[in-house]
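Report on the structure given below.
The values are calculated or read from the model by the stated rules, or taken from the named source; none is laboratory data. It should be emphasised that the depicted structure is a prediction, and the values quoted were computed from it without experimental measurement. Neighbour counts are summed over all protein chains in view; Cβ atoms, including those assigned to glycine, are modelled from backbone coordinates with ideal geometry. To get the accessible areas, we keep the full protein, side chains included, count just its heavy atoms, and leave off ligands, DNA and RNA. Shrake-Rupley method; radii C 1.70, N 1.55, O 1.52, S 1.80 Å.
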Amino acid sequence: MTLAGITYRRVKADVTDDCEKAAAGAFAQALTEQQCRRVLRATYVDGKRQYAVTTGIAVLPGKTEALAVDQAKDLGANVWFRGLDGDQKNRADKVSISGGYAAGMVWGRYIVFSYATYADGHTPDANDKNLAPISGAFRDSMAKVIEKRASR
């Protein structure tokens with residue numbers, strides 16, 4: 001997959017009906033309370049193994065429930081979806097503990113999300129300009145999947 005001029009390879013994928021396991025804190029609790037049906041996540045690493053990105057879609061019963069869950073997020077405290085770790089050989093083993101840049105949106109009954117990090121696990125500084133466009137590109141790519149499905 002090529003996004004924002006960078007080619008990525010999927011290194012891990014996960015589908016769970018236990019949505020709480022794919023998130024943290026009050027956000028995880030909100031997924032359960034609002035009857036989340038499924039969370040699909042995948043982690044991608046670029047060819048230079050500089051960036052690792054977890055992206056996915058959460059499926060809720062309706063837009064009202066998706067919006068209620070979205071209100072429970074606290075990105076500053078990392079209360080949101082968890083990164084999905086790959087393994088050390090593909091340099092995606094620190095995604096769940098790395099600082100990064102989150103991007104998400106509610107699309108009908110879906111929450112579309114992405115979390116871009118540095119594959120080596122270092123936390124970006126406040127002036128970082130690299131991760132936001134990467135995370136946004138993955139979010140937008142996932143939203144296109146929903147858009148295609150909705151237009152059928």
Original post:
residue 94 fails exactly one of the following numbered conditions: (1) free of Cβ contacts under 8 Å to residues at least 60 places away in the same chain; (2) part of a strand (DSSP E or B); (3) open to solvent by 20 Å² or more (accessible area, probe 1.4 Å). What is the number of that condition?
Top reply: (2)
Original post:
What number of residues within segment 111-152 are acidic (Asp, Glu), open to solvent by 60 Å² or more (accessible area, probe 1.4 Å) and not in a helix (DSSP H, G or I)?
Top reply: 2
Subject >> Considering residues of segment 10-26 that are in a helix (DSSP H, G or I) and touching a helix residue (DSSP H, G or I) at 6+ places or on another chain (Cβ under 6 Å) only, the residue surrounded by the fewest Cβ atoms within 10 Å (Cβ to Cβ) >> reply: 20
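Let's see how each residue does on (1) loosely packed, with under 14 Cβ neighbours inside 10 Å; (2) outside any strand (DSSP E or B); (3) at pLDDT below 95; (4) out of contact with any His (no Cβ under 6 Å at 6 or more places or on another chain):
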| position | (1), (2), (3), (4) |
| --- | --- |
| 28 | no, yes, no, yes |
| 56 | no, no, no, yes |
| 65 | no, yes, no, yes |
| 69 | no, yes, no, yes |
| 86 | no, yes, yes, yes |
